[in-house]
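Engineer: Here it is, the structure, as structure tokens.
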Amino acid sequence: MMQLVAADKEPITPFVRIVRSLYDDCQVSSVMVIGGTGDYFDVADNVLVMDSYMCFDATERAKAIAASSTKSSALPHTASQCVKFRPTKSKRFINGNSFVPNGKVKTISQNSIAFGETELDLSCLEQLVSKAQTTAISAALQRLPEQAKSRSLTDTLEQLRKLIDKEGLASLTPGQYHGGMARPRLYEIAGAINRLRRDSSITQG
């Protein structure tokens, strides 16, 4: 397909074409645990094979296969033809006022929060393991307006982390005791922020 459709006509860049640059330029490693990994043989540093629950290093054999396949098919995603990964340098900022719920906030389940009139679906945040964590996330979202204060999203989350480190989860519900919360990671709080679609809730700067 990459031979048929020119790169400038295709809006989606296959991951196999940026994975090498992601490591070389950004020091981000990728571990692929999938069946159809043949396309990655040429750009991989190590290739491991599981056989009868035993792990074997198959890097040398995989490289040989990649070399012969490239010669026969001229696939346009070899290591020398990978696309350079260019991470954005702009920061994301939270408009705290847009995170004020229009109505009540309620934790429906481990994977769902009713945030005013919006139902927040967290089902793809696989590191959430209890409803108590989701309850803490819903409380954290309500603290965003005062934590943001023109800070970037990264700085806002860091400020929230410091607050919890210093005062505990009780800091998320000031003035009241809530015994039904467990601490989530900042990644899950960020994931919830990304899923709370509101006009001008996050801006680039």
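The values are calculated or read from the model by the stated rules, or taken from the named source; none is laboratory data. Everything quoted here is computed from the prediction, not taken from an experiment. Using ideal geometry, Cβ is built from the backbone for each residue, glycine included, and neighbour counts are taken over all protein chains shown.
Engineer: Only one of these is touching a Lys or Arg at 6+ places or on another chain (Cβ under 8 Å) and of a type in the set (A, V, I, L, M): L128, L120, L196. Name it. Steps first, please.
Structural biologist: Working: L128 fails: touching a Lys or Arg at 6+ places or on another chain (Cβ under 8 Å); L196 fails: touching a Lys or Arg at 6+ places or on another chain (Cβ under 8 Å).
Step by step, each of L128, L120, L196 is checked, and only L120 is touching a Lys or Arg at 6+ places or on another chain (Cβ under 8 Å) and of a type in the set (A, V, I, L, M).
Engineer: Pick from Q142, Q176: which is in the same structural domain as I108 (by TED's automatic domain parsing), modelled with pLDDT under 90 and under 23 Å from the mean Cα position of the chain (by Cα)?
Structural biologist: Q142
Engineer: List every residue pair whose Cβ atoms lie under 8 Å apart, where the two residues are 6 or more positions apart in sequence or sit on different chains, the first residue falls within region 105-124 and is touching a residue at least 60 places away in the same chain (Cβ under 8 Å), and the second residue, located anywhere, is exposed (fewer than 12 other Cβ atoms within 10 Å of the Cβ).
Structural biologist: What qualifies is I113/E119; T118/R197.
Engineer: Same structure, new question: Looking at the structure I just gave you, is A182 buried (at least 16 other Cβ atoms within 10 Å of the Cβ), modelled with pLDDT of 90 or more and small (G, A, S)?
Structural biologist: no
Engineer: In region 66-118, how many are β-branched (V, I, T), modelled with pLDDT under 80 and either closer than 13 Å to V43 by Cα or assigned to a strand (DSSP E or B) (or both)?
Structural biologist: 4
Engineer: Let me ask something else. Output the residues belonging to region 1-57 that are part of a loop (DSSP other than H, G, I, E, B) and in contact (Cβ under 8 Å) with a residue 60 or more places away in the chain.
Structural biologist: Result: M2, Q3, T13, P14, I18.
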